[in-house]
Amino acid sequence: MKIIRMYITLMFLLCCASFTNAQHSISTNLGEAPIHGGFEMDGYWVWGSSVIKGDNGMYHMYASRWPKYLPFHPGWMIASEIVHATSTTPEGPYQFQDVALGARGAQFWDGRSTHNPKVVKYQDTYILYYMGSTHPFEEVTTQNVNQFDLKSKWCIAGRWGKRIGMATSKNPNGPWTRLDKPILDVKPNSFYSFLTSNPSPLIKEDGSVVLLFKGRNYKADGISNSDMSIGVATAPTYDGPYTVMGDQPLFSVDHLGEIEDPHIWSDAEGYHLVAKDQRGTITGYAGDGLLAHSNDGLHWEVDKNPKAYTKTVQWDNGKTITQGQLERPFVFVENGKPTHIFFATMDGPGGFGNGTKTWNMVIPLQNN
């Protein structure tokens, strides 16, 4: 009996060690980024990609874009649309195909802006999660863009109206069926009383859903909003209902640290999370990527060695460049293994107001 207990203990320790090692597999496996890979569009800011492989072997990317006559930030709040691009390889380059989710009028909760897409598939249905918003004002054009900034009426309404929604299709080429209501609304006196945004879904084998999301709450003055928090919601099926788990966020300024853009995936070892360390309190440097792991998708622990990546990228033309911005990490999994990591990126010295070009880039993961 003693020998059996020793054997069980040893196997448990080996499994724990394997689990820990499995978490920290990105930073040491980053390959060279193809200079001609990914996706960009002339005349548009491009941001935040999500990729899925179709039944015909094509790779389908869904990304945000908005016209460059608007400032990058906060132009996305009032004019982003989700576009669809394809490639014969995960690296790309991806070619624009169509607008998957565009503007559909101020009367709809997502009528003015659709942003931050995440695509998954369950059985024969493709599910596109995203952030949507609206405003009741005239369009911002080249004639009145000088009146547009974070304090303008457009942004006040657009930011306040941010909610998480979902669209479905039987084909990655669409058409997409949108809902008339968000799937995750705000809740008074909660950490997401002001907005919900940045969905990151994972559909389990039984069809149930774990959904990480970004929330902000109203401050005590009842007007301004808080720093970012990350919460988790669940649903019995992708069509809901979605229920936020617990009264406290998974990540916040006061708990573990403020992060943004979480992306989750799973494999035989459990659940994995990669995100942007907003302030550098976890990885040691603001903007670097962090890794966390979970056994159930609801309770998360930061990895012992949490750094997943930095903003310094090695390109396949021999150059090593520190990107102005490196955001919205997305890990592409094929045949049960992570094979690529995608980012939204910007040139320049850093800061959303200092870049001249954005695109979605990809880095192959080696030794997988």
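Worth pointing out:
- Shape of the range 162-311, Cα gyration tensor, a/c cut at 1.5: oblate
- Using a simple spin-label model with pseudo-atoms 7 Å out from Cα toward Cβ, Lys170 and Leu298 lie 3.5 nm apart.
- For the range 40-56, putting each phi into the Karplus relation 6.51 cos²θ - 1.76 cosθ + 1.60 with θ = phi - 60° gives couplings of 8, 9, 4, x, 9, 6, 10, 8, x, 9, 9, 10, 9, 8, x, 5, 8 Hz, in residue order, rounded to whole numbers and with x for Gly and Pro.
- Couplings 3J(HN,Hα) of the range 259-267, computed from phi: 10, 9, 6, x, 10, 10, 8, 9, 8 Hz, in residue order, whole Hz [Karplus 6.51 cos²θ - 1.76 cosθ + 1.60, θ = phi - 60°; x for Gly and Pro].
- Relative contact order [Cα under 8 Å, 6+ residues apart], the range 65-179, whole percent: 23 percent
- Site pair Lys357 and Ile321 shows an inter-label distance of 0.6 nm when each label is modelled 7 Å from Cα along Cα→Cβ.
- Percent RCO, i.e. relative contact order, over the range 217-368, from Cα pairs under 8 Å lying at least 6 residues apart: 13 percent
- Where Rh is the Kirkwood radius over Cα pairs, Rg/Rh for the chain: 0.96
- Global geometry of the range 255-368, whether rounded, prolate or oblate, following the gyration tensor of its Cα atoms and the 1.5 cut on a/c: oblate
- Highest average packing first - 89-98, 173-182, Cβ atoms within 10 Å: 89-98, 173-182
- Vicinal HN-Hα couplings computed from phi for the range 166-177 (Karplus, 6.51 cos²θ - 1.76 cosθ + 1.60; Hz; Gly/Pro x): 8, 10, 10, 7, 8, 9, x, 7, x, x, 9, 9
- Look at the Cα gyration tensor of the range 151-230: its axes a ≥ b ≥ c give a/c of at least 1.5 with a/b at or below b/c, and that counts as oblate.
- In a DSSP loop and with at most 11 other Cβ atoms within 10 Å, the trypsin sites (Lys or Arg not before Pro) in the range 292-343 are Lys319.
- The distance from the alpha carbon centre of the range 111-151 to that of the range 247-323 is 25 Å, rounded to a whole number.
- Take every Cα pair under 8 Å whose residues are at least 6 apart in sequence, average their separation, divide by the length of the chain, and the relative contact order is 16 percent.
- Student exercise, the chain dipole from Lys, Arg, Asp, Glu Cβ charges, in Debye to nearest 20: 340 debye
- Neighbourhood net charge (13 Å Cβ-Cβ; Lys/Arg +1, Asp/Glu -1) for Pro201: +2
- Split the accessible area of the chain by element, probe 1.4 Å, and carbon with sulfur accounts for 52%.
- Over the chain: helical MRE at 222 nm, DSSP H runs n ≥ 4 each giving -39500 (n - 2.57), nearest 500: -3500 deg cm²/dmol
- Net charge of the neighbourhood of Pro34, taken over other residues with C-beta under 10 Å away and scored Lys/Arg +1, Asp/Glu -1, is -3.
- Backbone N under 15 Å from the Ile35 label point (7 Å along Cα→Cβ), restricted to the range 297-315: 313-315
- Solvent exposure, largest accessible area first (probe 1.4 Å, DNA, RNA and ligands not counted), of Met245, Met228: Met245, Met228
- A cut-off under 14 angstrom between Cβ atoms defines the neighbours of Ile52, and their net charge, with Lys, Arg +1 and Asp, Glu -1, is +1.
- Extreme residue, positive dipole direction of the chain, given options Ser49, Gly92, His73 (C-beta unit charges): His73
- Stretchable slack from Tyr69 to Lys53, in nm (0.36 nm times residue separation minus alpha-carbon distance): 2.5 nm
- Computed E for Val99/Thr234 - FRET, C-beta separation, R0 25 angstrom, nearest 0.05: 0.20
- Net charge dipole, the range 168-271: roughly 400 debye, given to the nearest 20, about the Cα centre with Cβ charges of +1 for Lys and Arg and -1 for Asp and Glu.
The values are calculated or read from the model by the stated rules, or taken from the named source; none is laboratory data. Since we're looking at a predicted model, the values are computed, not measured. No Cβ is skipped: glycine too gets one built from the backbone with ideal geometry, and neighbour counts run over all protein chains shown. Quick note on the areas: whole protein, heavy atoms, side chains included, nothing else; ligands and nucleic acids left out. Shrake-Rupley method; radii C 1.70, N 1.55, O 1.52, S 1.80 Å.
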